[in-house]
Amino acid sequence: MEITTQSHPLRTITLRFDRSKTAPEFEILALQYYQEIHERTWEMKQRINKGRLPIRGFCIQVEELEGLLEEAKAKFKHLQAAYETNPYKPTIRIQLIRMLAEIHAFMDRFLPELVTLTKDYYGDEEYLFAQDKWMEDTAFPQFRTIFENYDDCSVDMVFFDEDLDDFKGSLGLVRKQQGRYYDEMDALVDSYTDLNERLEDFFEAVDNFDQTLWTPRPLHVRK
């Protein structure tokens, strides 16, 4: 019997082989898939981590945009309440115009980046679904052929079973990260969608009050 260890970025693979046996085709394919499933899981982990990293920054920007909206709403309320004879009213109007311009400048920077992030997320979602499907439909069924025909295999079933169990633990951690990725991105999209609706309501109110205060423009990001 020969024990082999293979270092991999995801985890170390440890198997034992009876070199007096010739590995059947189903075993060769299963071990090829075993190597491949490590590669795919490692790539999934890297892609998830890369996707999650910018989300917190976008959440902070949504909070900042919300702060700008609240300031502008307070100023607009002040403008609405000001009498025509109030000497400060023109200044309030100028301040509001500047606030509205600041909101639009912020969104001109923010929205294209959010759209790109959202597209990348949906691409990741499709990619991760495809990896999960390959594992469940192709890799794991092939692994079962080793257990069903262990007497014919050169790989030791006990070692393979233990190593596969350890791999499933690593895969479980990656899938937890995947779930957090989905939750974090969904929360970001939901928070912006809610803010977007409040922005539209606010700009509609401004438009009804005085159309010269701002220039309408699209605010939507598709979910």
Residues of region 49-98 being closer than 26 Å to Tyr181 by Cα and among the β-branched types (Val, Ile, Thr), in sequence order, are Ile55, Ile60, Val62
Note: among Met107, Met99, just one is in contact with an Asp or Glu (Cβ under 7 Å, 6 or more places away or on another chain) and either assigned to a helix (DSSP H, G or I) or over 24 Å from Leu195 (Cβ atoms) (or both), namely Met99
All conditions in (1) under 15 Å from Tyr34 (Cα atoms); (2) of a type outside the set (A, V, I, L, M); (3) under 33 Å from the mean Cα position of the chain (by Cα); (4) surrounded by fewer than 16 Cβ atoms within 10 Å (Cβ to Cβ) are true of Gly179 except (1)
Here is a check on your reading of the model: is Arg198 out of contact with any strand residue (DSSP E or B) (no Cβ under 9 Å at 6 or more places or on another chain), of a type in the set (Lys, Arg) and more than 21 Å from Leu53 (Cβ to Cβ)?
yes
With the first residue restricted to region 157-171 and required to be touching a residue at least 60 places away in the same chain (Cβ under 8 Å), and the second required to be of a type in the set (S, T, N, Q), Cβ contacts under 6 Å at 6 or more apart or on different chains are Asp163/Thr14; Leu171/Thr41
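Quick check on Leu100: is it farther than 30 Å from Phe140 by Cβ and in contact (Cβ under 8 Å) with a residue 40 or more places away in the chain?
The answer is yes for Leu100.
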In region 178-223, anything farther than 18 Å from Ala72 by Cα, part of a helix (DSSP H, G or I) and either hydrophobic (A, V, I, L, M, F, W, C) or modelled with pLDDT under 90 (or both) is listed as Met185, Ala187, Leu188, Val189
Take the conditions touching a strand residue (DSSP E or B) at 6+ places or on another chain (Cβ under 7 Å) and assigned to a helix (DSSP H, G or I) and apply them to Glu43. Does it pass?
no
ask   = Can we say Gln142 is closer than 15 Å to Trp42 by Cβ, surrounded by 15 or more Cβ atoms within 10 Å (Cβ to Cβ), touching a residue at least 12 places away in the same chain (Cβ under 8 Å) and not basic (Lys, Arg)?
value = no
The residue that is farthest from the chain's Cα centre (by Cα), considering only those in region 6-27 that are surrounded by fewer than 17 Cβ atoms within 10 Å (Cβ to Cβ) and over 22 Å from Asp152 (Cα atoms), is Gln6
Note on region 79-115: residues within 42 Å of the chain's Cα centre (by Cα) and of a type in the set (Val, Ile, Thr) are Ile92, Ile94, Ile97, Ile103, Val115
Is there a residue in region 164-177 that is of a type outside the set (Phe, Trp, Tyr), more than 17 Å from Trp42 (Cα to Cα) and part of a helix (DSSP H, G or I)? no
Taking region 93-137 and the residues there that are hydroxyl-bearing (Ser, Thr, Tyr) and within 17 Å of Val62 (Cα to Cα), the one that is surrounded by the fewest Cβ atoms within 10 Å (Cβ to Cβ) would be Thr116
Among the residues of region 16-37, is there at least one that is touching a Leu at 6+ places or on another chain (Cβ under 6 Å) and farther than 19 Å from Asp151 by Cα?
no
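The values are calculated or read from the model by the stated rules, or taken from the named source; none is laboratory data. What you see is a predicted model; the values in this text were computed from it and never measured. We place every Cβ from the backbone using ideal geometry, glycine too, and count neighbours over all the protein chains shown.
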